[in-house]
Amino acid sequence: MHAKLVVFFTILMFVVPVTAQDVNVTEGCITNYSADVDYFPEKAEIVNAERFAVTYHNHYKVISVKDAYDGAPSFDYVLVQCGAPAPPAADFVDGAQFIEVPTGDIITLSTTQLPALAQLDLLEHLVGVDSAFYISTAEVVDAVADGQIAEVGFGAQINIELVLNLEPQLVMSYGYNPDTDAHPVLLDAGVFTALDASWRELSPLGRAEWLKFTALFYNREAAATEIYNTIVSQYENARQLAASVLEADRPAVLINSFLGYADAWFIPGQETYVGRLIRDAGGELLLAGEGSTSSQGLSFEAVYEGGLAAEIWLVETFGVSSQADMLALDSRFGDFAAFQSGDVWNNNADENANGGNNYYEWGVTNPHLILQDLVAILHPNLLPEREFVFYQRLARK
């Protein structure tokens, strides 16, 4: 090679910065920080979730959570690659929280947050939960029993002293009412607290995508994307299978039951999480408000008139495993067509001794399993060999 070219390429070797690394750092900190390096080459793309977003900035990323509860402001979390400098706080809105990633020990305050930790192989970082009473994830139940994971309590009554003693880098909470929630108390104590608003998502796949929210704090975007893509693929396969059914063959579905203590029978709207699952499974949800994103409480008489002839009944009622249990609640349930044909189902096939229902835990990040159950219920010929995960047919009286 010509001598001048050798000198030219030698100079390039020293002055051209490395602009990327191959993978995210999932353990420990970086060394020799350079502002020109993209430290997050494995990025999360948010496809279906509507309540959070993430932007990347070489050595830090910013998560924004919106509409975490009625009237909630935007919550911003600045995730700085460990070993890199934090950006100026003045660049962000007041109240933005800063945390180094990959982070370490975590406390979760909802059972719905546990499946993401399990699927991302992060349970070793879990040091506390609100209570183990309703938890279904076996590894967590065992760890609490062995004293490896602490129970820190609920809402504004959370045991702050215990939380501080556990020294978590991250507490994952949720919001309903700031006057009674845990997060204001935690923030006042100086504990980094992230709000999980997955329960506000209307689409099943949007709710499941919050596993990427958890992954962002541990730089596990690549693993989360792979897991989520599999969930989406299996969900879409089940949905397309149900979509092959003719409109005339879509069964009428009644859902829930009359709750005496609330004096109402709650029917979810067509565009709610449940409404979309029923539609995607090839069913027609009776009495659902057209285009509605909320549930409405109806009288027993209104549902009796409008739902008596429903072909399938998903009771989704606590403490019900047989038709006798239903009749004990109200003898008029025996008049419904689905009750008489024996096509009454509950989502409590995987329930712990305390009534903790895995439908509301593992099902959150695995809606494809719920949908597959529903397709098998509504159209048995499409999935004749289905081994049900969450649903079971009520035992005949």
Checklist line | Inter-residue pairs, beta-carbon under 9 Å, first on the phi > 0 side of the Ramachandran plot and in region 56-85, second at pLDDT 95 or above and among the aromatic types (Phe, Trp, Tyr), 6+ apart | finding: Asn58/Tyr39; Asn58/Phe40; Gly83/Tyr33; Gly83/Tyr39
Next item on the list: Take Ala281 and decide whether it is touching a residue at least 40 places away in the same chain (Cβ under 8 Å), farther than 15 Å from Pro268 by Cβ and crowded, with 22+ Cβ neighbours inside 10 Å.
Entry: no
Checklist line | Scope region 306-317; condition assigned to a loop (DSSP other than H, G, I, E, B) and surrounded by 15 or more Cβ atoms within 10 Å (Cβ to Cβ); matching residues | finding: Leu308, Ala310, Glu311, Val315, Glu316, Thr317
Margin query: Looking at Lys66, Lys61, Lys43, can you tell me which residue is modelled with pLDDT of 95 or more, crowded, with 21+ Cβ neighbours inside 10 Å and more than 16 Å from Met172 (Cβ to Cβ)?
Written below: Lys61
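Conditions (1) buried (at least 19 other Cβ atoms within 10 Å of the Cβ); (2) under 28 Å from Thr31 (Cβ atoms); (3) of a type in the set (A, V, I, L, M, F, W, C), marked per residue:
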| residue | (1), (2), (3) |
| --- | --- |
| Val47 | no, no, yes |
| Glu50 | no, no, no |
| His57 | no, yes, no |
| Ala72 | no, no, yes |
| Pro87 | no, yes, no |
| Val93 | no, no, yes |
Notebook entry, point to check: Among the numbered criteria (1) crowded, with 21+ Cβ neighbours inside 10 Å; (2) over 21 Å from Gly155 (Cα atoms), which single criterion is violated by Leu126?
Noted result: (2)
Note to self: Please count how many residues of region 175-205 are buried (at least 21 other Cβ atoms within 10 Å of the Cβ) and assigned to a helix (DSSP H, G or I).
What the structure shows: 6
Notebook entry, point to check: Looking at (1) touching a helix residue (DSSP H, G or I) at 6+ places or on another chain (Cβ under 7 Å); (2) touching a residue at least 60 places away in the same chain (Cβ under 8 Å), which is the one condition that is false for Ala309?
Noted result: (2)
Notebook entry, point to check: Hey, among Val253, Val274, Val303, Val245, which residue is over 21 Å from Glu351 (Cβ atoms), assigned to a helix (DSSP H, G or I) and open to solvent by less than 60 Å² (accessible area, probe 1.4 Å)?
Noted result: Val303
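Give the residues of region 49-82 that are in a strand (DSSP E or B), of a type in the set (Phe, Trp, Tyr) and under 23 Å from Arg200 (Cβ atoms), sorted by residue number.
Going residue by residue through region 49-82, those that are in a strand (DSSP E or B) are 52-57, 60-65, 75-81.
Subset that is of a type in the set (Phe, Trp, Tyr): 52, 56, 60, 75, 77.
The answer is Phe52, Phe75, Tyr77.
For region 214-222, indicate whether the set of residues that are open to solvent by less than 10 Å² (accessible area, probe 1.4 Å), assigned to a helix (DSSP H, G or I) and over 18 Å from Val78 (Cβ atoms) is non-empty.
No, region 214-222 contains no residue that is open to solvent by less than 10 Å² (accessible area, probe 1.4 Å), assigned to a helix (DSSP H, G or I) and over 18 Å from Val78 (Cβ atoms).
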Notebook entry, point to check: Within region 24-55, how many residues turn out to be free of Cβ contacts under 8 Å to residues at least 12 places away in the same chain and over 30 Å from Trp199 (Cβ atoms)?
Noted result: 1
Notebook entry, point to check: In region 325-345, which residues are surrounded by 16 or more Cβ atoms within 10 Å (Cβ to Cβ) and either of a type in the set (Gly, Ala, Ser) or part of a helix (DSSP H, G or I) (or both)?
Noted result: Asp325, Met326, Leu329, Phe333, Ala337, Ala338, Phe339
Notebook entry, point to check: Of the residues in region 142-174, how many are touching a residue at least 40 places away in the same chain (Cβ under 8 Å) and either exposed (fewer than 14 other Cβ atoms within 10 Å of the Cβ) or not in a strand (DSSP E or B) (or both)?
Noted result: 9
Check: Which one of Gly289, Gly319, Gly283, Gly355 is of a type in the set (Gly, Ala, Ser) and at pLDDT 95 or above?
Finding: Gly283
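The values are calculated or read from the model by the stated rules, or taken from the named source; none is laboratory data. Bear in mind that the values here come from a model prediction, so they are computed numbers and not experimental data. In this analysis, Cβ positions are derived from the backbone assuming ideal geometry, glycine residues included, and neighbour counts consider all displayed protein chains. Note: areas computed on protein heavy atoms with side chains; ligands, DNA, RNA excluded. Shrake-Rupley method; radii C 1.70, N 1.55, O 1.52, S 1.80 Å.
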